[in-house]
Structure formats: C-alpha cells, structure tokens
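**Student:** Below you will find the structure I want to go over with you.
The values are calculated or read from the model by the stated rules, or taken from the named source; none is laboratory data. Just so we're clear, the structure is a prediction, and the values are computed from it rather than from any experiment. Cβ sites come from the backbone with ideal geometry, for glycine too, and all protein chains shown count toward neighbours.
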Amino acid sequence: MRKNTLKLFFSSIGIITSNILLSQCPINFPKAIDVCLEGNTTDKNICFRNNDGDLNLLFNGANLFSFNKNKIDSLGNDTNKLVIHGANKPNYTYPPVSYRDISYEFAGAGSSKIRSFRGDVYDTYFQFLTSDKNSSTMADDPQVRMQINGNGNVGIGTTDPKAMLDVNGGTRLGNSLSNDNNSNNLVMLGAFDINSPYGNSAYIPPHRRDISYEFKDAGSAKIRSYRGDSWDTYLQFLTNLKEEGSDNPQIRMQINGNGRVGIGTTDPKELLDVNGNTNISGSYLKLSTGVGDAIIQRSTSGTLVINSGSDESSIYLNYAQEYGAGKGGVRIYDGTTQNFVNLKMITTPTSGSAGTFLIDPSGGKVVISHNNILSTPPGYKLYVEDGVLSEKFKAALKSSSQWADHVFSNDYKLRPLEEVEEYILTNKHLPEIPSANEIVKEGGLDLAQMQAKQMEKIEELTLYLIEMKKEIEALKKENTEMRETIKNKQR
C-alpha cells in the first residue's frame, strides 16, 4: 500500500482533494452500495455510489456531482479540458434531434442550457437557451435565445442568421432609458448631460449624439442627431473634403423635425431645399399632385418638354435642333389635334375684364388685350388694345420707292391748285390721303405709308410755295417797272 492523492477537476479548477490510501489494485463499487470516506463532526462524510453504471459523488448524503456513463467521459487531462461526450448523430434538418447540453437546473423553476450539436459533416453549432418567467406552460421548456453557426454567423432571436450578427428584434446600445418601450429600435444613448435642448444655438448644437466612421490618417464621416427645444429632433449627415487637410467634417444634409430636407443648407424652407446646382441623370422629373402627374422631360433630341399631366398640353423648349445653337424655339403642343397651338396667358381678376396675351402660330400673330380678343384684324400681325406707349418707334421701308422723293423728279406732274381746291370741296380731304371713314373701315392706318403720303403733300406744298414765290417776284418786278414809267411821265 502507498499513500496517494485523489483529485477531481472541473476544467482547471480542483473541486475535491482528499488524501487517501489506495492499493495498487482497482477499487470496485458494487451497485447500490456507498463507499465513503468517513469524516468527523467538522468534515462530513464523502461517498461514492454506483448508480446503475453512473458514478455519483455525495456529500453528507446529498448528491454533489455525477459522472454519467452516456454524458461525461472524463474531467481533466494533460491539457486541463472539460470533455463532454454524448450524442454524435449528424443533424440534416432543424431543429436538431441529436445534441449535447450543459444544463443549469433549478428546483421548482425552469432551466438554462448551453447546447451543442453537429451538422451533417464537420460543422458544429452552439445554442444558448433560457426559460421565460411568463411561460404559459409553467414547465421547464427553455427556448433558443442565441445561436452561433459553424460559419461564425451569430443569431439573436433567430436560428438562421444571414450575417455575422443577425438580430431579430429590438437592439439597444448604451445605458437604459426611463421610458422603455417594445418597439424594434436601435437605441443610441449618450451621457445624460447630452440631452439638453439646443435652445437658439441652432445649427452646430453643443449637445449632440454622433455615429462616427473614423479612418486612420484621414477624415471621418458622421451621422448626427440632436434635439430641438421641445420634442422636435434633427438628423445631420457630415463628410470630410479631401482638400480639408484635417479631420473637420462639414454638414452636407440636414433633416429637420418637420420633415424638411436641406442639401447644402441647414435651414430648409421647403420639403426639399437644395442650395447649389442639381444634376438629374434620369430623363424626366415627375411632379405628383394627386390630380395628375406633371412631367418635366428631356427628349433624346435635346428638347425640354413640360407636360401638365394631361394629353392636351405641353411646352417644348428649344424645339427642333435645326434652329441652331442659341436659336431654340418655344412651342405649345395640343395633344388632341396633333398641332402646335396658341400660347395664351389669361388673367382672371376679381373685378374688371380679363387680360389676354396670345401668340397664334398661324402666321405668327400676337394679341394683347383686356377684352378677351383672341385674334388680330385680317392682314395684321400685332394687335394691342388701348395703344402702345414707346419712347422711340421706327417704321422700316422695304424699298426707297415707298418714300416721297419722287415728287422732286422732273417728270412729276404737280396738280394745279385749282384742281386741288375742287377735290377738297368735293371730297373733304386731300387727294391720295384716306378719309376718316376709310381709316375706320380698314381698321387703322399704315404708319409708314401715311408718313410717306404726308411727306408727299409736304413736298408738293414746297413746290407750290416755290412757284408762288416766283410769281410774287415777277409781280414785284413788274410793279417796280410800272412805278418808274409813271414817274418819268410826270416829269
């Protein structure tokens, strides 16, 4: 006989150590018989029991530990490992039917388990199970709360994780909130002193919470949130310019509590407010109003089309590229007749007549009126009701023949004044000049033509004056000669 030490280990922790005398022969434990190490009033009895092949370790009559023939093969070896042997059947489907558990049992309550099972080849899995205190069955039925797959994917609330970390349910990072809820949120909490309203220091709030993407030897990008002066909250998106030279990210986009989004501005005035140029790569921009969709579209030919949302009206800018660079046109399209139609701008005031500005493509006619006049008089391109005020007006002539210089030609036949007098007495207006009735009947007068006619009469009047001067000079000469004759006779 020699003195030896019997040691039992759980992992690397010695749980029982006792100096006993062991023979060189094996010790046999008959069934249902306890083999005990007798103690005293201070050290209680320690016993070993053969329980149908399972070895139980008892302390003062109570079971302390069990070595089950089908579950634990050994405790402790040269590498201080806890080796758990058991079911080894591959699992080709889920849930596993063959697995190994470390179970934490509680009297009159549920249990917790750490479970492992194998897949169909070399892949292995871990599961962590707990029991809910509100279990409707009031039985020990722990459920899988977390699973680690063979590929390293971790699932919380799911046994089929699709990513390295897959959480099926709410996730909270940081300290707890006082007003807890059950919504599925990722809660980013900061220190409670970073919860103050920004007051009036609006756009660079000193109290803010950031999710920051940091890069070594480079700038960072941030998603920032802060609260307003009440329940309103804000989001900002910051990036760092490469020319910055240091980590100083600037606000590029902000979403206000009222839903307005500012790009290039932290004070958006509309639902989308862009401070800067905007490039839309798509072929059209659709504006939905609930009644119809208005569309601003760029065609493949380079034409900008503005459609009101119906088939009956469109505006074409730079229509037909054959106009040339800088010579694009504007056309309005009538979808029902397949024609380009009038450009009309009509106002409807609360009182008085409606105003109209109209461009008619049939001949390029233009109408400006306040009595809903929609056409020009026949033969005219422009009609302006109530007149035109201009500081300068020029009437162009197509040729020199339209002017009155022909009056001074040698072959021009000047009417005798007697004939002019007779015409005036008969017609009550000058020859070649239209009467008032004729002007009204024609819908107006041709300014260039009338100016030429008036110049013709001025030139004729000049010729009459020249002729009259000659006659007066002749009479004066004749009168002087008569006076000399009379004076000589009186001598």
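**Student:** Looking at region 221-239, is at least one residue over 23 Å from ARG260 (Cα atoms) and either surrounded by 12 or more Cβ atoms within 10 Å (Cβ to Cβ) or hydroxyl-bearing (Ser, Thr, Tyr) (or both)? Don't jump to the end; show me each part of the working.
**Tutor:** Kept after step one, since they are over 23 Å from ARG260 (Cα atoms), are these residues of region 221-239: none.
Scanning region 221-239 turns up no residue that is over 23 Å from ARG260 (Cα atoms) and either surrounded by 12 or more Cβ atoms within 10 Å (Cβ to Cβ) or hydroxyl-bearing (Ser, Thr, Tyr) (or both).
**Student:** Same structure, new question: Before we move on, is ASP386 at pLDDT 70 or above, farther than 30 Å from ILE255 by Cα and not assigned by TED's automatic domain parsing to the domain that holds LYS441?
**Tutor:** On the way: at pLDDT 70 or above: yes; farther than 30 Å from ILE255 by Cα: yes; not assigned by TED's automatic domain parsing to the domain that holds LYS441: yes.
Judged against the criteria, ASP386 is a match.
**Student:** Let me ask something else. Run LYS133 past the list (1) under 48 Å from the mean Cα position of the chain (by Cα); (2) charged (D, E, K, R); (3) surrounded by 15 or more Cβ atoms within 10 Å (Cβ to Cβ) and report the number of the one that doesn't hold.
**Tutor:** (3) is the only condition that LYS133 fails.
**Student:** Still on this structure: Can you tell which of GLU422, GLU432, GLU438, GLU460 is without any contact (Cβ under 8 Å) to a residue 12 or more places away in the chain, more than 30 Å from ASP360 (Cβ to Cβ) and not aliphatic (A, V, I, L, M)?
**Tutor:** GLU422
**Student:** Among the residues of region 370-392, is there at least one that is surrounded by fewer than 12 Cβ atoms within 10 Å (Cβ to Cβ) and within 30 Å of LEU463 (Cα to Cα)?
**Tutor:** No, that holds for no residue.
**Student:** Restricting to region 222-267, and then to whatever is under 18 Å from HIS207 (Cα atoms) and among the small types (Gly, Ala, Ser), can you tell me which residue is modelled with the highest pLDDT?
**Tutor:** Initial filter on region 222-267 (under 18 Å from HIS207 (Cα atoms)): 222-238, 248-251, 254-257, 266.
Now narrow it down to the ones that are among the small types (Gly, Ala, Ser): 225, 228, 230, 257.
Working: SER225: 88, GLY228: 82, SER230: 81, GLY257: 93.
Step by step, filter region 222-267, then rank; the result is GLY257.
**Student:** Give the residues of region 253-279 that are surrounded by 11 or more Cβ atoms within 10 Å (Cβ to Cβ) and closer than 19 Å to GLY228 by Cα, sorted by residue number.
**Tutor:** MET253, GLN254, ILE255, ASN256, GLY257, ARG260, VAL261, GLY262, THR265, THR266, ASP267, PRO268
**Student:** Out of the residues in region 82-93 meeting the condition of being surrounded by 12 or more Cβ atoms within 10 Å (Cβ to Cβ) and within 53 Å of the chain's Cα centre (by Cα), tell me which one is modelled with the lowest pLDDT.
**Tutor:** ASN91
**Student:** Out of region 392-448, which residues are among the acidic types (Asp, Glu), farther than 20 Å from PRO377 by Cβ and part of a loop (DSSP other than H, G, I, E, B)?
**Tutor:** Residues satisfying the conditions are ASP411, GLU432.
**Student:** Which numbered condition trips up PHE215, out of (1) over 25 Å from the mean Cα position of the chain (by Cα); (2) modelled with pLDDT of 90 or more?
**Tutor:** Status for PHE215: all satisfied but (2).
**Student:** Quick check: anything in region 102-125 among the hydroxyl-bearing types (Ser, Thr, Tyr) and modelled with pLDDT under 85?
**Tutor:** In the first step, residues of region 102-125 are kept if they are among the hydroxyl-bearing types (Ser, Thr, Tyr); the result is 103-104, 111-112, 116, 122, 124-125.
In the following step, the residues that additionally are modelled with pLDDT under 85 were identified as none.
The answer is no, given that none of the residues of region 102-125 is among the hydroxyl-bearing types (Ser, Thr, Tyr) and modelled with pLDDT under 85.
**Student:** On the basis of being modelled with pLDDT of 90 or more, of a type in the set (Lys, Arg) and surrounded by 10 or more Cβ atoms within 10 Å (Cβ to Cβ), does ARG172 make the cut?
**Tutor:** Values: modelled with pLDDT of 90 or more: no; of a type in the set (Lys, Arg): yes; surrounded by 10 or more Cβ atoms within 10 Å (Cβ to Cβ): yes.
For ARG172, the condition - modelled with pLDDT of 90 or more, of a type in the set (Lys, Arg) and surrounded by 10 or more Cβ atoms within 10 Å (Cβ to Cβ) - is not met.
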